[in-house]
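Data first, discussion second: the structure below is written as structure tokens.
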Amino acid sequence: MALVTVARVEDIPEGEARRFEVDGHEIAVANLGEDGFRAVGDICSHAHAHLHEGEVDPDFETIECPRHGSVFDLETGKPRSLPATLPVPAYNVKVEGDEVKVEIT
């Protein structure tokens, strides 16, 4: 398990997500404002769409797939709506200073 720096805090605007590739993992990191950062696999489990291109809802801590509208929980990676039924990977995130780090296992 390794903590990998993926961005600086200011690289990910509040209420948005950005895509990063770390050791072959495609990861969407979302900025939830006061609630911090969350990270999930960037590829929707229903169809090959990039979640970082979808809408982030900081209040509900979710991200919506831009292709078919499935909503994923940013804490667990589990889908909260259809058509997706399988979760995407969820990653631990730590902020150290101005660096956003993702834990890769």
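The values are calculated or read from the model by the stated rules, or taken from the named source; none is laboratory data. This is a predicted model, so every value here is computed, not measured. Ideal geometry is used to build each Cβ from the backbone, glycine not excepted, and the neighbour counts take in all protein chains shown.
Of everything in region 33-44 that's surrounded by fewer than 21 Cβ atoms within 10 Å (Cβ to Cβ) and touching a Pro at 6+ places or on another chain (Cβ under 9 Å), which residue is nearest to Arg67 (Cα to Cα)? Show your work before the answer.
Initially, region 33-44 is screened for residues surrounded by fewer than 21 Cβ atoms within 10 Å (Cβ to Cβ), giving 33-36, 41, 43.
If we keep only those that are touching a Pro at 6+ places or on another chain (Cβ under 9 Å) too, we end up with 33-35, 41.
Numbers: Gly33: 25, Glu34: 28, Asp35: 26, Gly41: 15 Å.
Once the filter is applied, the top-ranked residue is Gly41.
Looking only at region 76-98, which residues are in contact with a Pro (Cβ under 9 Å, 6 or more places away or on another chain) and either surrounded by fewer than 14 Cβ atoms within 10 Å (Cβ to Cβ) or among the acidic types (Asp, Glu) (or both)? Working first, answer last.
First pass over region 76-98, keeping only residues in contact with a Pro (Cβ under 9 Å, 6 or more places away or on another chain): 76-79, 85-88.
Across region 76-98, the qualifying residues are Thr85, Leu86.
Tell me, which residue of region 62-75 that is free of Cβ contacts under 8 Å to residues at least 40 places away in the same chain and within 10 Å of the chain's Cα centre (by Cα) is surrounded by the fewest Cβ atoms within 10 Å (Cβ to Cβ)?
Checking each candidate, the answer is Glu75.
Anything in region 6-24 that is in a strand (DSSP E or B), surrounded by 14 or more Cβ atoms within 10 Å (Cβ to Cβ), out of contact with any His (no Cβ under 8 Å at 6 or more places or on another chain) and modelled with pLDDT of 95 or more? List them, or say none.
Val6, Ala7, Phe20
Could you list, in sequence order, the residues of region 45-61 that are surrounded by 18 or more Cβ atoms within 10 Å (Cβ to Cβ) and in a strand (DSSP E or B)?
Matches in region 45-61: Val56 only.
A quick yes/no check of all residues on (1) out of contact with any Asp or Glu (no Cβ under 9 Å at 6 or more places or on another chain); (2) hydroxyl-bearing (Ser, Thr, Tyr):
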| residue | (1), (2) |
| --- | --- |
| Met1 | no, no |
| Gly33 | no, no |
| Ala39 | no, no |
| Ile43 | no, no |
| Pro58 | no, no |
| Gly77 | yes, no |
| Ala84 | yes, no |
| Tyr91 | no, yes |
| Gly97 | yes, no |
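Are any residues in region 52-86 acidic (Asp, Glu) and under 17 Å from Asp35 (Cα atoms), and if so, which ones?
Glu55, Asp57, Asp59, Glu61, Asp73, Glu75 - these are the residues of region 52-86 that are acidic (Asp, Glu) and under 17 Å from Asp35 (Cα atoms).
As an exercise: evaluate Glu34 against (1) without any contact (Cβ under 8 Å) to a residue 12 or more places away in the chain; (2) in a strand (DSSP E or B) and give the number of the one condition it does not meet.
Every condition holds for Glu34 apart from (2).
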